[in-house]
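Below is one structure, written out as structure tokens, with a few remarks after it.
The values are calculated or read from the model by the stated rules, or taken from the named source; none is laboratory data. Here the structure is a predicted model, which is why all the values come from computation and not from measurement. Here the Cβ positions follow ideal geometry from the backbone for every residue, glycine too, while neighbour counts run over all protein chains shown. Side chains are part of the model used for accessible areas, which takes the heavy atoms of the whole protein and leaves out ligands, DNA and RNA. Shrake-Rupley method; radii C 1.70, N 1.55, O 1.52, S 1.80 Å.
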Amino acid sequence: MKIQRIQLFPIASPRQTGIANQHVIVKLETADGAIGWGEMSDLSHVPMYQFDLPELERMLNELLRGKDPRNLVKIEDDLIRFYPDEGHMYSRSGLVRQGVDLALHDLLGRVDNVPVYTLLGGKLRDRMRVCYPIFRMRSVEEVGPNLDRVEEKLQLGFDLIRVYVGANLEADELFLGQFTDRFKGRVTIKSLDFSNLLDWRRTAMAVERFDELCDYMLIESAAPRNDIEGLTQFRRRSRRPSSEHVLHIHHGWQLLAAGAVDILNVSPYLLGGLRASLRLIALAEAARASVLIGTTQELNLGTAAVAHLAAAARILDYPGDNTGPQLYMADTVKTPVQYENSHLIVPEGPGLGIEIDEEKLKEMTTNAQWTFGVDLAGVLDRTSATRPSAK
Ligand code: GAE
Ligand code: MG
Ligand code: MG
């Protein structure tokens, strides 16, 4: 088997929350006609520059054409050199590697007629508990609609949420207090995500107030970006476990060696695919730390890949964040991944277990608008420029 061609299709998908996000669908073909699909998920983050897609496609064809898709380690080794770790949460090189890694796994699974989890060694579970995101509130006017959204998602079976906090403590407190009054015993909070907004002491002070209002499993990103010492200080004083997004394998080691976190937030979009994610999970195992699978809000292909990762993960002791397909209103797939009672179900078909509708893909590619706007708080928080606090 030899890789013959890789194609990149830009698409945009609106979210129920009023923003739209840009993704790249990856199609990989071998000389004998086998096909695999992958995804570079959610490019609409800072830093605010984007791929030169024709150039990226040209380069990837040059790198991959003629290669044996079964030699995953070799392709990965090349890609890590050509697209090295960038060390931030929205690493473009991580996304390039994710796109190729997912398409390769999908292709190999289809050729052998096995699900991707089989390629990863098999499965320990057939579902993963996941939570729905409540995006950051910057004004108290945003509290009511978000509580209504919790109710709406509960009706669909999602009894687990996570809440982004730290920009407006008054709004946070209002939300968390009213959440407890309205949903206690019916909906659980997986995490309060500070997204590296506050220094560790301010986070600790906010947490003291939040602790009086609600119960939750863990705190995420409790110190500024790259402040491993701050995370360590916070964790020493925290009654609850804390997690941080792992940026690359050495960062994972740094977090664990410093005792900065209880939980590694492991994500294929950031680390560059399934194989890289499995390495981080092994690192957590070695440190007797915990793992959760995070998200950039992938579409169906990216979420299916996460499901296969979850199936094969030896350490996975907290719920994941992977509900992108519940958030986006358009995708290129024939049938979406399945959720049941706040669980993402591991697909059983060959490859990633997702069928692409090429007509839909064509339509979405033609209509894709890659505009980003200049509403920085909205880009950071994933909220729309029409939110009350933006007035
Ligand atoms: O920090 C997180 O856990 C989030 O998933 C964060 O990365 C979001 O901004 C996400 C999104 O697009 O909603 O990427
Ligand atoms: Mg986070
Ligand atoms: Mg994202």
(request) Select the helices (runs of 4 or more DSSP H) contained entirely in region 29-129, then report the ones holding at least 3 residues which are under 30 Å from L197 (Cα atoms). (result) 92-112
(request) Scan the helices (runs of 4 or more DSSP H) fully inside region 225-275 and keep the ones with 2 or more residues being under 14 Å from F194 (Cα atoms). (result) 228-237
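If I filter region 170-188 for residues that are surrounded by fewer than 20 Cβ atoms within 10 Å (Cβ to Cβ), modelled with pLDDT of 95 or more, away from ligand 2 (no atom under 16 Å from the Cβ) and hydrophobic (A, V, I, L, M, F, W, C), do I get at least one hit?
yes
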(request) Could you look through region 369-391, keep only residues that are touching a residue at least 12 places away in the same chain (Cβ under 8 Å) and away from ligand 1 (no atom under 16 Å from the Cβ), and pick out the one that is farthest from M48 (Cα to Cα)? (result) P388
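For region 282-293, which residues satisfy the criterion of being buried (at least 24 other Cβ atoms within 10 Å of the Cβ) and either under 23 Å from V46 (Cβ atoms) or of a type outside the set (G, A, S) (or both)?
V291, L292, I293
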(message) I need the full set of residues from region 82-119 which are surrounded by fewer than 19 Cβ atoms within 10 Å (Cβ to Cβ) and either of a type in the set (S, T, Y) or touching a Leu at 6+ places or on another chain (Cβ under 7 Å) (or both), in order please.
(response) F82, G87, H88, Y90, S93, T118
(request) Please specify each residue of region 356-391 satisfying the condition of being open to solvent by 70 Å² or more (accessible area, probe 1.4 Å), out of contact with any Gly (no Cβ under 8 Å at 6 or more places or on another chain) and at pLDDT 90 or above. (result) E358, E359, K360, K362, E363, L376, L380
(request) Go through region 14-47 and give me each residue that's acidic (D, E) and open to solvent by 30 Å² or more (accessible area, probe 1.4 Å). (result) E29, D32
(message) Which condition from (1) small (G, A, S); (2) away from ligand 1 (no atom under 16 Å from the Cβ); (3) surrounded by 21 or more Cβ atoms within 10 Å (Cβ to Cβ) is the one that A257 breaks?
(response) (3)
